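Here the structure comes first, spelled out in structure tokens, and everything after it is commentary.
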Amino acid sequence: MATMRDIKRRRDSIQSTEQITKAMKLVATVKLQKSRVKAENTKPYFNMMYDTISSIIAKSGTIDHKYLKAGSSPKKAVIVITSNRGLAGGYNNNIVKMVNSELPSQDTYVYAIGRKGRDGLSRRGFTIKADCSEVINEPIYQDAADLTAELLDSFAKGEVGEIYLAYTFFKNTVVHVPTLVKLLPVEIEAREKAEEDTKPHAIMDYEPDDETVLDSIVPKYMSSLIYGALLESVASENGARMTAMDSATSNAEEMIEDLSLQYNRARQGAITQELTEIVAGANAIGG
């Protein structure tokens, strides 16, 4: 049975942990407010970019372009966006599990943005092609553009045949959805919808030609999706950490209450035992 000293020591330790989790929750809350506003303000642009590309591709008919068909290599590249720090519930692990289940480790190159995803996938046998973990600290559009250029160069050289993006979609403060998107070859759902639609569609007219136009807009399309994913992931990370720290604080409070009750019972038992010994000693002397 635990002594009063053991109970008090454990209670003090949990109280210290509770103070840390409270502080981390407050920090995550402030960061969440900023990152959520940024993600929501930029989301209309990325949605419009996706809709525009969808419309262009859907109305293009059959175009033989390098960005619209898989490359010759069986290798795949995936941009994995996680965090550099833990204590965010299942935020990082959900992305790692999704990539591990959806893509073959032996044929996939990982472009890691976030140390947690890099370490988790490395342990599962994935090849870490590039480590861009510092990008997640303060994402800017140029980071996405630079990564896009590197991936497109690898795609053009035939080193990879497909390019994917794994990130966490920010739905609201407590709901964050792990998402895997194929960036190349471009596969737009609107193309299938357009084919099913019986209404006539005007074929897209390119100037000067389809190859020049697609060479220009597809990289911007990729950069936009990557940058949008970075902002969504940052908001999701802070939301997940805030929720995890709130839960940890509540659990700590419950444990402190239980330990305080145990301590009071142990203290009352010690007092009762001392009184019993004193009475017994007095009776023995008096007898």
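At a glance:
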| read-out | value |
| --- | --- |
| Any hit, segment 185-207, residues being surrounded by 15 or more Cβ atoms within 10 Å (Cβ to Cβ), modelled with pLDDT of 85 or more and not acidic (Asp, Glu) | yes |
| Filtered residues of segment 1-19 (kept if of a type in the set (A, V, I, L, M, F, W, C) and closer than 10 Å to Ile256 by Cβ) | Ile14 |
| Selected residue [surrounded by fewer than 19 Cβ atoms within 10 Å (Cβ to Cβ), in contact with a Leu (Cβ under 8 Å, 6 or more places away or on another chain), among the hydroxyl-bearing types (Ser, Thr, Tyr) and in a helix (DSSP H, G or I)] from Thr29, Thr42 | Thr42 |
| Verdict on Gly120 being in contact (Cβ under 8 Å) with a residue 40 or more places away in the chain and surrounded by 15 or more Cβ atoms within 10 Å (Cβ to Cβ) | no |
| Enumeration of residues in segment 90-144 that are in a strand (DSSP E or B) and among the hydrophobic types (A, V, I, L, M, F, W, C) | Val110, Ala112, Ile113, Ile128, Ala130 |
| Total residues in segment 166-180, condition out of contact with any Ser or Thr (no Cβ under 8 Å at 6 or more places or on another chain) and surrounded by 15 or more Cβ atoms within 10 Å (Cβ to Cβ) | 1 |
| Pair list, Cβ < 6 Å and 6+ apart or interchain, from segment 153-165 residues that are part of a strand (DSSP E or B) to residues that are of a type in the set (Val, Ile, Thr) | Tyr164/Val78; Leu165/Ile79; Leu165/Val181 |
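The values are calculated or read from the model by the stated rules, or taken from the named source; none is laboratory data. As the structure is a computational prediction, the values presented were derived from the model and not from experiment. Cβ: placed from backbone, ideal geometry, glycine included. Neighbour counts: every protein chain shown.
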